[in-house]
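**Q** Before I ask anything, let me first share the structure, which is written out below as structure tokens.
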Amino acid sequence: MANANTRPFLMEKDADGCFRLTVRSMRYNSQNYPIVDLDHRDEVFKTAAAAKIFARDHFGAQPGEYASK
């Protein structure tokens, strides 16, 4: 079950120490059940700050909209 408070930007650190960004969007089906769509971005970032800057510049991300894994 999806959490209605899902943050739209997920930053994941891979085995090489680089960060990848996933953009999540939420929609609701006819029974008002939340469905989360994931868009895994191909860009690789050396730091979490670089991933945040990319999300801010390209998707209009605001502080507090990031989650890390």
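**Q** Could you grab the pairs with beta carbons closer than 8 Å, sequence gap of 6+ or different chains, first residue in the range 1-16 and over 21 Å from P34 (Cα atoms), second one exposed (fewer than 12 other Cβ atoms within 10 Å of the Cβ) and at pLDDT 85 or above?
**A** none
**Q** Still on this model: So which residues in the range 28-56 are among the small types (G, A, S) and closer than 19 Å to A67 by Cβ?
**A** The answer is A48, A49, A50, A51, A55.
**Q** Go through the range 30-51 and give me each residue that's in contact with a strand residue (DSSP E or B) (Cβ under 6 Å, 6 or more places away or on another chain) and over 19 Å from D16 (Cβ atoms).
**A** P34, I35, V36, D37, L38, D39
**Q** Count, please, the residues in the range 52-68 that happen to be among the polar types (S, T, N, Q) and in contact with a strand residue (DSSP E or B) (Cβ under 7 Å, 6 or more places away or on another chain).
**A** Total meeting the criteria: 1.
The values are calculated or read from the model by the stated rules, or taken from the named source; none is laboratory data. The shown structure was predicted, so the numbers you read here are calculated from the model rather than taken from an experiment. With ideal geometry, Cβ positions are generated from the backbone for all residues, glycine too; neighbour counts draw on all protein chains shown.
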